[in-house]
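The values are calculated or read from the model by the stated rules, or taken from the named source; none is laboratory data. Only a predicted model underlies this, so the values are computations on that prediction, with no experimental measurement involved. When we count neighbours, we look across all protein chains shown, and the Cβ atoms used for this are built from the backbone with ideal geometry, even at glycine. Ligands, DNA and RNA are stripped out before the accessible areas are found, and what is left, the full protein with its side chains, is counted by its heavy atoms. Shrake-Rupley method; radii C 1.70, N 1.55, O 1.52, S 1.80 Å.
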Amino acid sequence: MNDKIVMPVWTFGLFIVIMNTTMFNVSIPSIIGDIGVSASLGSWIISSYSIGYALSTMIYSRLSDVLPIRRLLAIGLVILGLASVFGIFASNFEALLFARIAQSAGAGVTAGLGLVIASRYIPYERRGRAIAMISAGSAMAFGLGPIVGGLITEYIGWEGLFGVTSLVLLLLPVLLRLLPKEQPKPFRFDLLGAVLTVVNAVAILTAVTQRSFFWLAIGIISIVAHIWHLKRKNESFINPKLFAEPKYRKLLFIGFSILVLNLGNLFIMPLVLANLFTDSPLMIGLTIAPGAVLSAFLTRYVGRWIDRYGNMRVLMIGQVTLALVLLVFWAIIGISPAVVLVGYLFFSPAASASLASLNNETTRILPSSLIGSGMGFMQLIQFFGGSFSVAVCGILLDIQKKHSLVHAYEFVYAALIAVSICSLLMLTWYVRSNQRVASLPNNGASRT
């Protein structure tokens, strides 16, 4: 496989898919006005895609252990492309919601299989660059999505957002030609395990977003049922062997935390710019975009640094940088929009580098037989962390209504700083445990 061609093409597809989330964020007021629904109902246009995207990522990654990547890619991109074409003509809430859910069912193929391809076909010595490219594509999509969404909504209409996403159909023949052929393996798909995974994620996220004890109870019951299912099922949807590895469990916590910080900050920054400095959606996008562009520009260097200096050194620098930027935001966020602009110039590359080094380290510690399920579950935990973060940040703002806006935003940033400290402590524990293992007799130096 020629990864110098495949990975840039794949990253472009991932860029479109992730931008499909952030584009719709700025168009929600127009959509709500056009189709005549409440704001709470309209929010499901965003959340349904995010939840479905996270779950389909896990499903495609798990299936890649036994089914050819080319086949999964064809299924995913066709579903995403056709759902996007359908969305162009959606004229009511039900059709629009169906289009978004169908989009999410196909969208997970790009995030889920991108890391699997890098892990399976790119040598470890060059893998860091490929994974860094994927992370940078995600960062740029988060940053440029509001700009693209604002421009299209203003001059074309929100229906044009679906037209952008339908471009993934053009990538399908190119990738099918470039990707290596694989043979399917015999397997039994754990349908009940997949259903329980969906129920777990949807119930917990709904419980948080709706502040519902009913959905929390469903989530707890479904998790207990899932644990029981894992103990009795030989070939389960989520491979229980993953959780027997302490290193993997620690990396899951760090991955969850990185997305909590990243999406929590991306949720708060636009609110700060809009409510404290009365910036328009386009100006908000222009303030955030330079950080995303810089992150993409630094991709080749981040990949080289990972391959040269190791995952842990890059991850530690990235985590410390995230904590420092959040500390600055907490201290002086209300002074000027320039604080957000300059801060995100450091934050976005640090988040991208942290994700790249974390994902590369995960591929290093997992055996080849667990790459698909392991990376899929890692992606699910990361996306869940991002969705959970946005919901909790919204709740924290609500409980601070009696205080000034500046105080409310400082309160949320204080919570994010606490998460970053916990993540740094876990990372330190991980590094030290690796050093202890490497120092034992008959153990070589760990490649971190």
F377 versus (1) under 17 Å from the mean Cα position of the chain (by Cα); (2) among the hydrophobic types (A, V, I, L, M, F, W, C); (3) surrounded by fewer than 21 Cβ atoms within 10 Å (Cβ to Cβ): which is the lone unmet condition?
(3)
Among (1) crowded, with 18+ Cβ neighbours inside 10 Å; (2) charged (D, E, K, R); (3) out of contact with any Ser or Thr (no Cβ under 9 Å at 6 or more places or on another chain), which single condition is D190 missing?
(3)
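For every residue, the table says whether it meets (1) in contact with a Leu (Cβ under 9 Å, 6 or more places away or on another chain); (2) of a type in the set (V, I, T); (3) assigned to a helix (DSSP H, G or I); (4) modelled with pLDDT of 90 or more.
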residue: A350; (1), (2), (3), (4): yes, no, yes, yes
residue: A353; (1), (2), (3), (4): yes, no, yes, yes
residue: G372; (1), (2), (3), (4): yes, no, yes, no
residue: Q379; (1), (2), (3), (4): yes, no, yes, no
residue: F383; (1), (2), (3), (4): yes, no, yes, no
residue: F388; (1), (2), (3), (4): yes, no, yes, no
residue: E410; (1), (2), (3), (4): no, no, yes, yes
All but one of (1) free of Cβ contacts under 8 Å to residues at least 24 places away in the same chain; (2) in a loop (DSSP other than H, G, I, E, B); (3) open to solvent by less than 40 Å² (accessible area, probe 1.4 Å) hold for V339; state the number of the condition that does not hold.
(2)
Odd one out for Q400 among (1) polar (S, T, N, Q); (2) touching a Leu at 6+ places or on another chain (Cβ under 9 Å); (3) not in a helix (DSSP H, G or I):
(2)
What number of residues within the stretch 230-252 are surrounded by fewer than 18 Cβ atoms within 10 Å (Cβ to Cβ) and not basic (K, R)?
9
Looking for something open to solvent by less than 10 Å² (accessible area, probe 1.4 Å), out of contact with any Pro (no Cβ under 7 Å at 6 or more places or on another chain) and either assigned to a helix (DSSP H, G or I) or without any contact (Cβ under 8 Å) to a residue 60 or more places away in the chain (or both) - is there at least one such residue anywhere in the stretch 270-285?
yes
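Look at F214 and say whether it is of a type in the set (A, V, I, L, M, F, W, C) and closer than 22 Å to L366 by Cα. Write out each step before concluding.
Details: of a type in the set (A, V, I, L, M, F, W, C): yes; closer than 22 Å to L366 by Cα: no.
Answer is no for this residue.
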Return the pairs, sorted by first residue and then second, in which the second residue is assigned to a helix (DSSP H, G or I) and acidic (D, E), the first residue lies in the stretch 120-136 and is in contact (Cβ under 8 Å) with a residue 40 or more places away in the chain, the beta carbons are less than 7 Å apart, and the residues are 6+ apart or on different chains.
Y121/D3; I122/D3; E125/D307; R126/D307; G128/D307; R129/D307; A130/D3
Those residues of the stretch 61-78 which are in a helix (DSSP H, G or I) and out of contact with any Ser or Thr (no Cβ under 9 Å at 6 or more places or on another chain), in sequence order:
L63, I69, R70, R71, A74, I75, V78
Scan the stretch 193-214 for residues that are at pLDDT 80 or above and open to solvent by 90 Å² or more (accessible area, probe 1.4 Å) and jot them down.
F213, F214
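Residue by residue, here is whether (1) assigned to a helix (DSSP H, G or I); (2) in contact (Cβ under 8 Å) with a residue 40 or more places away in the chain; (3) of a type outside the set (D, E, K, R) holds:
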{"residue": "V174", "(1), (2), (3)": "yes, yes, yes"}
{"residue": "V202", "(1), (2), (3)": "yes, yes, yes"}
{"residue": "V224", "(1), (2), (3)": "yes, no, yes"}
{"residue": "K231", "(1), (2), (3)": "yes, no, no"}
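What tally of residues in the stretch 149-172 results from selecting those that are assigned to a helix (DSSP H, G or I) and open to solvent by 40 Å² or more (accessible area, probe 1.4 Å)? Can you show your working first?
Narrowing the stretch 149-172 to residues assigned to a helix (DSSP H, G or I): 149-155, 159-165, 168-172.
From what's left, open to solvent by 40 Å² or more (accessible area, probe 1.4 Å): 151, 154-155, 159, 169-170.
Result for the stretch 149-172: 6.
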Look at F189 and say whether it is aromatic (F, W, Y) and in contact (Cβ under 8 Å) with a residue 40 or more places away in the chain.
yes
